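Comments concern the structure below.
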Amino acid sequence: QEPQASGLPEYIKIVEVGPRDGLQNEKVIVPTDIKIELINQLSKTGLPVVEVTSFVSSKWVPQMADHKEVMRGIERHPGVQYPVLTPNLQGFHSAIASGATEVSVFGAASESFSKMNINCSIEESIEKFEEVAKSARNMNIPVRGYVSCALGCPYEGNIIPAKVAEVSKRLYSMGCYEISLGDTIGVGTPGSMKKMLEAVMKEIPVSALAVHCHDTYGQALANILTAIQMGVSVVDSSVSGLGGCPYAKGATGNVATEDVIYMLNGLGINTGVNLYAVMEAGNFICTALNKKTNSKVAQASFNTGTI
Amino acid sequence: AYPKRVKVVEVGPRDGLQNEKNVVPTPVKISLINMLSETGLQVIEATSFVSPKWVPQMADHTEVMQGINKVPGISYPVLTPNLKGFQAAVAAGAKEVSIFGAASELFTKKNINCSIEESLERFSEVMAAARAANIPVRGYVSCVLGCPYEGKISAAKVAEVSKKMYSMGCYEISLGDTIGVGTPGSMREMLTLVMKEVPVGALAVHCHDTYGQALANILVALQMGVSVVDASVAGLGGCPYAQGASGNVATEDLVYMLHGLGIHTGVDLQKLMDTGTFICNALNRRTNSKVSQASCRL
């Protein structure tokens with residue numbers, strides 16, 4: 001199956017967010033050495049990007065309190081990027097001091113979400129990020145921008161595509177090299193994904209776009225497929241589908257990296273990632289968390305004895 | 001472009017319950033089907049007229065068929081593997097039947113103990129009787145994207161078996177990814193060949209979500225013009241080939257996607273979720289539907 005024949009990208013970059021977005025949204029907090037081991041295992045799978053941790057106050061995100069130790073403790077494999085979240089200038093400086101060479105900032109397409117999540121308006125958050133972007137530029141540190149609630153908000157409900165485009169453009173203009181569009185509560189469908197991307201792609205080249213889909217309503221792979229059919233070639237995912245949804249108790253959150261890779265392999269799209277190795281890393285962290293995997297591929301593979 | 005309307009074929013009471021560990025009593029099956037009849041679904045696969053020796057979960061097929069409310073405008077097809085089953089089905093009031101072929105020789109041998117060719121001969125008896133009785137027949141083709149025994153299945157084989165069943169007189173061919181191994185890549189390849197032999201208006205897809213690929217596979221099928229999709233309320237029905245793994249795609253998750261695409265189904269999602277809750281309670285199990293899980297804010 002030739003991907004170009006169907007208009008699909010030949011290569012898709014997978015951004016692994018399990019150690020940060022995943023673990024941040026798990027009930028059980030894992031010890032530092034387990035986090036480091038997870039990241040080290042992920043570094044050997046062929047994944048080009050592994051989001052390591054978040055330099056945010058441990059008062060807000062206790063699961064990421066050990067950010068310095070994790071950053072300093074991991075093996076840094078050549079060819080793998082290790083971005084970290086930095087919500088403000090203070091976090092940014094702390095990240096750089098700990099050896100970070102790439103950072104991410106988190107905007108939102110919803111005022112209510114911005115207020116509830118980081119206690120300020122979208123505009124105020126953009127100002128903070130501009131400070132980070134400016135320092136990052138001076139130090140030659142790439143910055144990735146996230147836009148949350150791209151397909152719906154737990155407080156506001158429907159989000160208009162134009163708003164997503166507007167916030168994305170602000171982040172891109174300030175120097176973010178890539179904008180990751182997040183379906184934070186997983187309510188999106190191929191219908192809303194298409195409309196949102198059409199609006200955003202008027203402002204930002206598709207090669208600078210990524211999708212970060214949550215599988216809370218089971219729509220993630222269909223939404224990702226829609227995005228890649230429109231030319232998106234960067235996809236965020238989380239090993240074992242780590243990370244529940246803080247807005248729907250007991251529901252799932254991040255899409256599982258294994259399931260994404262399975263689909264992309266079936267489409268003949270190159271990712272550079274060894275699916276088997278990711279499943280092993282997934283098995284490791286699920287054992288440590290004492291939980292079942294959220295990856296259907298892992299579930300099926302372990303149960304047919306093909307592992 | 002997507003179809004404006006999609007017909008959802010609900011297979012929970014048959015394919016779903018048949019593949020569940022726990023067996024539900026006849027009155028619960030009847031309540032399930034009656035509740036499904038209130039959701040707007042137009043096709044509800046009710047049961048299977050197969051020997052209880054092989055499928056004990058469907059032993060009460062006659063009672064179920066006779067016990068359900070048959071709502072006008074709704075079709076209640078039943079499985080009939082052979083002439084005997086067909087006759088029993090008609091005697092019990094069935095107005096539509098289904099026959100099950102496969103694109104894999106090994107699967108056919110293991111499943112019904114004969115070759116594909118022999119199975120088609122058995123079906124031709126059912127077809128003749130159905131034609132005489134003016135009863136529509138739906139044809140299923142299993143293992144269209146992979147087989148638990150043979151592994152890879154050639155798209156050409158799927159097209160060949162589909163063509164034979166369509167030529168025999170099946171009004172619709174439901175292409176089943178029996179072990180859920182398919183991806184949008186293999187779905188596209190398979191449908192491209194099948195559509196050379198069978199008009200797309202006569203095709204349906206029956207995707208299993210064992211590897212989480214079902215909705216993505218269905219999306220591709222829709223993009224290629226397929227407008228009939230099978231699904232199972234609450235994602236009932238595990239996979240007999242991968243212990244603990246899931247099977248059928250959940251009707252709720254399918255309908256959520258279709259509505260998000262602006263496609264008309266006629267189905268009331270809330271009523272469907274309520275029906276899923278009912279049967280999961282009866283089976284003492286959690287739903288496999290993510291939409292249902294997410295909507296339940298306890």
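Any read-out appearing in this document is the output of simple, stated calculations on the displayed coordinates, not a laboratory observation. These figures come from a predicted structure and were not determined experimentally. When we count neighbours, we look across all protein chains shown, and the Cβ atoms used for this are built from the backbone with ideal geometry, even at glycine.
Placing R0 at 22 angstrom, the Cβ-Cβ distance between residue A:44 and residue A:90 gives a FRET efficiency of 0.10 after rounding to 0.05. For region A:146-185, the residues whose amide N sits under 15 Å from a probe point set 7 Å from the Cα of residue A:202 along the beta carbon direction are A:160-170. The P(r) of the protein assembly as shown has a tail past 39 Å containing 30 percent of all C-alpha pairs.
Can you give the helix-only mean residue ellipticity at 222 nm for the protein assembly as shown, where every DSSP H stretch with n ≥ 4 adds -39500 (n - 2.57) and the sum goes over all residues, rounded to the nearest 500 deg cm²/dmol? It would help to have the intermediate numbers written out before the result.
Numbers: 22 runs with 241 residues, N = 605.
Computed ellipticity for the protein assembly as shown at 222 nm equals -12000 deg cm²/dmol.
Rounded, prolate or oblate: which fits region A:13-303, taking a ≥ b ≥ c as square roots of the Cα gyration tensor eigenvalues, rounded meaning a/c under 1.5, else prolate when a/b beats b/c? The shape class here is rounded.
A Förster distance of 51 Å, applied to the separation of the beta-carbon atoms of residue B:70 and residue A:155, puts the FRET efficiency at 0.65.
How big is the antiparallel share of DSSP beta bridges in region B:7-295, given as a percent to the nearest 5?
Working: 3 of 32 bridges.
Approximately 10 percent, going by the DSSP bridge assignments.
With a cap of 11 neighbouring Cβ atoms within 10 Å, and only residues DSSP puts in a loop, list the trypsin sites (Lys or Arg not before Pro) found in region B:118-158. Please list the in-between numbers first.
Values: sites: B:122, B:131, B:138, B:152, B:157; in loops: B:152.
Counting only loop positions with at most 11 other Cβ atoms within 10 Å, the trypsin sites (Lys or Arg not before Pro) in region B:118-158 are B:152.
Give the average, rounded to an integer, of partner chain Cβ atoms located within 10 angstrom of each Cβ in B:205-213.
Numbers: counts 0, 0, 0, 1, 4, 7, 13, 19, 9.
Other-chain Cβ atoms within 10 Å of each residue's Cβ, averaged: 6.
In terms of distances greater than 19 angstrom between alpha carbons, the cross-link table entries A:68/A:291; B:29/B:84; A:163/A:194; A:59/A:291; A:194/B:7 yield A:68/A:291; B:29/B:84; A:59/A:291; A:194/B:7.
Legend note: in chain A, cysteines whose Cβ sits 4.7 Å or more from every other cysteine Cβ are A:120, A:176, A:213, A:245, A:286.
Hey, got a sec? Which trypsin sites (Lys or Arg not before Pro) in region B:15-85 land in a DSSP loop and have at most 11 other Cβ atoms within 10 Å?
Numbers: sites: B:21, B:29, B:53, B:70, B:84; in loops: B:21, B:53, B:70.
Of the trypsin sites (Lys or Arg not before Pro), the ones in loops of region B:15-85 whose Cβ has at most 11 other Cβ atoms within 10 Å are B:21, B:53.
Normalising the average separation of contacting C-alpha pairs (under 8 angstrom, six or more residues apart) by the number of residues puts the relative contact order of chain B at 20 percent. DSSP beta bridges confined to chain A are antiparallel in about 10 percent of cases.
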